[in-house]
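Here the structure comes first, spelled out in structure tokens, and everything after it is commentary.
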Amino acid sequence: MQVYVDNAATTKLSKHSLEAMLPYFTDIYGNPSSLYRLGQRAKELLEGAREEVASVIHAEPREIVFTSGGSEADNQAIRSAALDGKKHGKTHIISTAFEHHAVLHTLRQLKSEGFEVTLLDVHEDGLVRPEEVEAAIRPDTCLVTVMYANNEIGTIQPIREIGAVCRAHQVLFHTDAVQAAGIQAIDVQAENVDYLSASAHKFYGPKGVGFLYARKGAPLFPLIQGGAQEKGKRAGTENLPGILGMAAALKESAGVRQQESERLKALRDRLIAGLREIPHSALNGDAEKRLPGNVSFCLEGIEGESLLLLLDEKGISASSGSACTSGSLDPSHVLLAIGRVHDVAHGSLRLTLGRDNTPEDVETIIASVKDVVAYLRSFSPVWRDLQNGKTPFIL
């Protein structure tokens, strides 16, 4: 029995998305920039997909730029706001300590270019406080960038409130919504969002394609030069099959969002309850203000890598954090940001449920994690020292 619970890393391509793509590999394969009928048909389809994507997040089609994924969209939004800010003498950016590395590494590069970056602390519940965002805003602040939902611990941020703060102070606001798009109801107008990033493979679409929402009037400069595609905002022939697959997947996800969210919440809460029965374990982040399929735990006295390998032997595909850093032996920067100490952060487990998961899967996971944790602790010198009182328990 194979149980896949790493949907935050990537989802399985839906049949609907696949079927939406297939004809455009071999039949209608024209370049949307071409003037002949085959190319113009491709352009019509491209613009139709743009309309579908825009409608789901309550945007205008002209505000959607197709990209290679969330990381590119993050980079373009942040760099555009920074470049525009610098032109006006504004070189201060506000973000948080637990953003995705696509944001944090871009900010690090901008620091080397003379920008000042304030990374707000994240509280133990994994939530950013809008009042702390407001307190950090200065006359020279050009951008606030806060993720919609955290990719490791799943906590959903108060985007509407943060957006209102930014709009009141006339500061551009970007949100990395890679984990939220297709799962959460997003309204960029009501939430006062200027830029929003998304990636298709997080909502059952294909890999290698995403989109950037940039509000009409918000500065947007191309990262990639070389052509007039995407109204000059992103050079390169558009990935028509991928874009059509993404639009189909996003529309499909939006259509089942409410019922799927309720179903996943029930599975999530049962999984949390079962894992809480393990001694010296702790849920990471707020129990309610989190994505419906996200369960993130720290388990004291074990190493996360060993836990994952043994779960894999039992047929369970899970992770210890972000897929982008899964090869790293360093503890998660997200867990450190919410106050987990290094030793505890090393024993993390992220389980992200999806469409194919069942109540039976959840019971299998609970039993398997309990067995593996007990096995690892049985010969762990760290666990022995904790039990003997040589080292105090943290959880």
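The values are calculated or read from the model by the stated rules, or taken from the named source; none is laboratory data. Model, not experiment: these values are computed from the prediction. Heads up, the Cβs are rebuilt from the backbone with ideal geometry, glycines too, and the neighbour counts pull from every protein chain shown. With ligands, DNA and RNA removed, areas are computed over all heavy atoms of the protein, side chains included. Shrake-Rupley method; radii C 1.70, N 1.55, O 1.52, S 1.80 Å.
Check whether at least one residue in the range 16-25 is modelled with pLDDT of 95 or more, surrounded by 22 or more Cβ atoms within 10 Å (Cβ to Cβ) and outside any helix (DSSP H, G or I), and report yes or no. No, the range 16-25 contains no residue that is modelled with pLDDT of 95 or more, surrounded by 22 or more Cβ atoms within 10 Å (Cβ to Cβ) and outside any helix (DSSP H, G or I).
Somewhere in the range 335-342, is a residue within 26 Å of the chain's Cα centre (by Cα), among the small types (Gly, Ala, Ser), in a helix (DSSP H, G or I) and surrounded by 13 or more Cβ atoms within 10 Å (Cβ to Cβ)?
Residues of the range 335-342 within 26 Å of the chain's Cα centre (by Cα): 335-342.
If we keep only those that are among the small types (Gly, Ala, Ser) as well, we get 337, 339.
Then drop every residue that is not in a helix (DSSP H, G or I), which leaves 337.
Remaining after also requiring surrounded by 13 or more Cβ atoms within 10 Å (Cβ to Cβ): 337.
Within the range 335-342, one or more residues are within 26 Å of the chain's Cα centre (by Cα), among the small types (Gly, Ala, Ser), in a helix (DSSP H, G or I) and surrounded by 13 or more Cβ atoms within 10 Å (Cβ to Cβ).
Between Cys166, Cys142, which is in a helix (DSSP H, G or I) and either open to solvent by less than 60 Å² (accessible area, probe 1.4 Å) or in contact (Cβ under 8 Å) with a residue 60 or more places away in the chain (or both)? So the residue among Cys166, Cys142 that is in a helix (DSSP H, G or I) and either open to solvent by less than 60 Å² (accessible area, probe 1.4 Å) or in contact (Cβ under 8 Å) with a residue 60 or more places away in the chain (or both) is Cys166. Any residue at all in the range 79-96 that's open to solvent by 60 Å² or more (accessible area, probe 1.4 Å), free of Cβ contacts under 8 Å to residues at least 40 places away in the same chain and farther than 22 Å from Arg234 by Cβ? No: the range 79-96 contains no residue that is open to solvent by 60 Å² or more (accessible area, probe 1.4 Å), free of Cβ contacts under 8 Å to residues at least 40 places away in the same chain and farther than 22 Å from Arg234 by Cβ.
Out of the residues in the range 280-311 meeting the condition of being in contact with a helix residue (DSSP H, G or I) (Cβ under 7 Å, 6 or more places away or on another chain), of a type in the set (A, V, I, L, M) and in a helix (DSSP H, G or I), tell me which one is most open to solvent (accessible area, probe 1.4 Å). So the residue we want is Leu310.
Limited to the range 345-361, what total is found for residues that are outside any loop (DSSP other than H, G, I, E, B) and buried (at least 24 other Cβ atoms within 10 Å of the Cβ)? Adding up the residues that qualify gives 5. Ala81 falls short on exactly one of the conditions (1) in contact with an Asp or Glu (Cβ under 6 Å, 6 or more places away or on another chain); (2) farther than 24 Å from Pro206 by Cα, and that condition is (1). Pick from the range 382-395 the residues that are open to solvent by less than 70 Å² (accessible area, probe 1.4 Å) and either part of a helix (DSSP H, G or I) or touching a Gly at 6+ places or on another chain (Cβ under 6 Å) (or both): which of them is modelled with the highest pLDDT? Result: Trp383.
Scanning the range 67-99 for residues that are more than 23 Å from Ala181 (Cβ to Cβ) and in a helix (DSSP H, G or I) turns up Ala82, Leu83, Asp84, Gly85, Lys86, Lys87.
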